[in-house]
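Report on the structure given below.
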Amino acid sequence: QVQLVESGGGLVQAGGSLRLSCAASIRTFSMYGMGWFRQAPGKEREFVAAISLSASGTYYGDSVKGRFTISRDNAKNTLYLQMNNLKLEDTALYYCAAARVTPPSLTPLGYDYWGQGTQVTVSS
């Protein structure tokens, strides 16, 4: 049974930083492409970032390029999202997801497993 558990969300002022983590209970974590998505109330789930198996490839949504960094530690079965210079519009529920295919998809349909999400709220 695959489980993904996000942590690190919270309330932060605009311009601040947060680091999200996603602990994966996948025996073969290094064989999964991983991604971060977010969903704000009343909006569709939005692609944030994705990373290939060995972290050789990273992909970002246009709205977060230059501010967010995705990384992974295959030895620890953990995915990260470093978020800097946060903006009000970054407020959302952030999900991590795992995909059996590589390179990882930029759409939610390309992922096989999802976490429950961690809330990020950016205040002015």
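Taking the DSSP beta bridges in region 10-124 as the whole, what percent of them are antiparallel, to the nearest 5? Intermediate values should be presented prior to the final figure.
Numbers: 32 of 36 bridges.
Counting only bridges with both partners in region 10-124, antiparallel ones make up about 90 percent.
Keeping every protein chain present and rolling a 1.4 Å probe, give me the accessible area per residue for region 1-119 in Å².
On the way: 6150 Å² over 119 residues.
Dividing the accessible area of region 1-119 by its residue count gives 52 Å².
Mind jotting down a quarter of the surface of the convex hull over the alpha carbons of the chain, in square nanometres, one decimal? All intermediate terms of the calculation are to be shown ahead of the outcome.
Details: hull surface 27.3 nm².
With the hull built on Cα positions only, its mean projection is 6.8 nm².
Which one of Ser54, Ser21, Ala97 has its Cα pushed farthest toward the positive end of the charge dipole of the chain, where Lys and Arg give +1 and Asp and Glu give -1 at the Cβ?
My answer, from the dipole projection, is Ser54.
Express the carbon and sulfur contribution to the solvent-accessible surface of the chain as a percent, rounded to the nearest whole number, probe 1.4 angstrom.
Working: 3170 of 6370 Å².
The computed percentage sits at 50.
Protein chains only, probe 1.4 Å: how do Leu18, Leu11, Leu106 rank by accessible area, largest first?
On the way: Leu18 30, Leu11 130, Leu106 90 Å².
From most exposed to least exposed: Leu11, Leu106, Leu18.
Which of the lysines could a cross-linker span from Lys65 if the Cα-Cα distance has to be under 25 Å and same-chain partners fewer than 8 positions apart are dropped?
Lys43, Lys87
The values are calculated or read from the model by the stated rules, or taken from the named source; none is laboratory data. Please read all numbers here as calculations on a predicted model, not as lab measurements. Note that each Cβ is placed from the backbone with ideal geometry, even for glycine, and that neighbours are counted across all protein chains shown. These accessible areas exclude ligands, DNA and RNA; they are computed on the full protein's heavy atoms, side chains included. Shrake-Rupley method; radii C 1.70, N 1.55, O 1.52, S 1.80 Å.
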